[in-house]
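Presented below is the structure to which this report refers.
The values are calculated or read from the model by the stated rules, or taken from the named source; none is laboratory data. Predicted model, so just to flag it, every value in this text is computed and none were measured. Glycine gets a Cβ as well: all are built from the backbone with ideal geometry, and neighbour counts include every protein chain shown. Side chains included, ligands, DNA and RNA excluded: accessible areas come from the protein's heavy atoms. Shrake-Rupley method; radii C 1.70, N 1.55, O 1.52, S 1.80 Å.
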Amino acid sequence: MAIKKIAVLGAGSGGCATAADLTLRGFEVRLFSRTDKTLLPIMKRGGITLVEGTSEKFAGLFFVSPLIIPVVTGADLIIVAAPAVAHEYLAKSIAPYLSDGQIILLNPGHTGGSLHFAQLLRSFGCVDCKVCETVTLTYICRMPEPARVEVYRRTTNLLCAAFPGRETAEFLSEIGAVFPNIVAAENVMETGFSNINAIMHPAGMLGNAGWIEKTGGDFLWYREGVTPSIAAWIEEVDKERLEIVKCLGLEPRRFIDVFHRAGLTSSEARASGSVYRAINESEPNRTIKSPPSLDHRYIKEDVGYGLVPMSEIGRLFGVKTRVMDALITLASVASGADFRSEGLTLEKMGLSQVDAADLPRLLQEGF
């Protein structure tokens, strides 16, 4: 099937970059957001300005709406470019209107996202659904103002997998025409456990909590916020993650290798083996400032839908995740939340009754 009509769910920086770029490349793009404040400037202008390097182009979108039904109906590809905390709402909203042949791409899937989304669709009566995910956003980007998005870099070697895994090759042959930078992953555990945001953001946010609250985030998050001691926390999280990856039978790629493969740091930094140097020499992230508060997706999403499912799957295999668990606890206290129960648990991923030995089959064949 040649993909022509694309629905983009979510009008944040990632969703707007996706909608604008694909429109400029000739696809019929429909953009949805349930937030009027986000959509109104786009609707008023009739599209989105896309800035990339010295290039500035205006993309007049085919259709923009706060109503999800006309956006997803008839779309060949549905791209979910929204925070993981919105997945349940979106799955419930689109379930009655999905039709045969439509592909749902979580961009990104975070950790366990496809399992969660497929489980939700299943609970809403969609048994035969097509779900796949990327490891991170297709574009490194920010929105300096409404209806204008700046793309700093397009992610390279973007891992992508389907759930169930037996459909990955078929899906990628179709999605590759839309995102030629994607490469096949073994399964959604490989994409989920390559979640670089979950590895680095919680440690950086909690280590800089006082600075963030004092300045309102007035500092460069990657270049100034990640100090050697915070990099050491990130390295420990990565070691725990790699132990789980080995239990999953996947290639144990270090954070620094995944970061480099995505085009986010220099070859020299990778060769040094220093997480501190890799993050500080991340050219695409060079000018990105800190979030203004701890009430941000770097905590809500990267703890609840990153560290929590990693820790949960680690528990399934009997792997101890001492540093991950400490960060989950500290984030919960700082946020007044219980990420351990509110985040992506084994039950929410449909894995509460699954033995570790049965997980590979489930990832390949589905529920």
Which aspartates and glutamates does K289 reach when only Cα atoms under 17 Å apart count, and residues fewer than 8 places away in its own chain are ignored? E145, E150, E213, D218, E224, E281
In whole Å and largest first, what semi-axes does the C-alpha gyration tensor of region 194-293 yield when each eigenvalue is scaled by 5 and square-rooted? 24, 16, 10
Sequence gap of 8 or more, or different chains, plus Cα separation below 24 Å: how many lysine pairs satisfy both in region 27-138? 4
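Using a 1.4 angstrom probe on the protein heavy atoms only, could you order M324, M143 from most to least accessible area?
M143, M324
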Hey, how much of the P(r) for region 1-160 falls beyond 20 Å, as a percent of Cα pairs? 46 percent
Computed from the mean reciprocal separation of all distinct C-alpha pairs, what Kirkwood hydrodynamic radius does region 41-123 have, in Å? 14.5 Å
Solvent-accessible ranking of D76, D36, largest area first, probe 1.4 Å: D36, D76
Net charge near A326, counting Lys/Arg +1 and Asp/Glu -1 over other residues with Cβ under 11 Å of its Cβ? -2
Per residue, how much space in cubic angstrom lies within the convex hull of the C-alpha atoms of the chain? 125 Å³
Nearest 500 deg cm²/dmol is fine: what mean residue ellipticity at 222 nm does the chain get from its DSSP H runs of n ≥ 4 alone, each adding -39,500 (n - 2.57), divided by its residue count? -12000 deg cm²/dmol
Expressed in whole Å with the largest first, what are the equivalent ellipsoid semi-axes of region 235-343 derived from the C-alpha gyration tensor as the square root of 5 times each eigenvalue? 25, 21, 10
Residues meeting the amide H criterion for I79 (H placed from the backbone, H to H distance under 5 Å, 5 or more places apart or on another chain) are A7, V8, L9, L105
Sequence neighbours fewer than 8 away in the same chain don't count; with that in mind, list the lysines whose C-alpha is under 17 Å from K300. K348
Global geometry of region 260-317, whether rounded, prolate or oblate, following the gyration tensor of its Cα atoms and the 1.5 cut on a/c: oblate
In whole Hz, the Karplus estimates of ³J(HN,Hα) for region 151-166 (6.51, -1.76, 1.60; θ = phi - 60°; x where Gly or Pro) are 9, 8, 6, 8, 5, 9, 6, 7, 4, 9, 9, 9, 10, x, x, 5
Each label sits 7 Å from Cα toward the beta-carbon; between E88 and T35 the label points are separated, in nm, by 1.9 nm
Roughly how many Å² of D355 are accessible to a 1.4 Å probe, to the nearest 10? 100 Å²
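Can you classify region 111-183 as rounded, prolate or oblate using the Cα gyration tensor, where a ≥ b ≥ c are the square roots of its eigenvalues, rounded means a/c under 1.5, and otherwise it's prolate if a/b beats b/c and oblate if not? Don't skip to the end; give the middle numbers.
Details: a/c = 2.64, a/b = 1.56, b/c = 1.69.
Cα axes put region 111-183 in the oblate bin.
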Fully extended contour minus Cα-Cα distance, from F62 to A2, at 0.36 nm per residue: 19.8 nm
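How large is the charge dipole for the chain, taken about the Cα centre, if only the Cβ atoms of Lys, Arg (+1) and Asp, Glu (-1) carry charge, to the nearest 20 debye?
Numbers: 37 positive and 41 negative charges, 140 e Å.
Value, rounded to 20: 680 debye.
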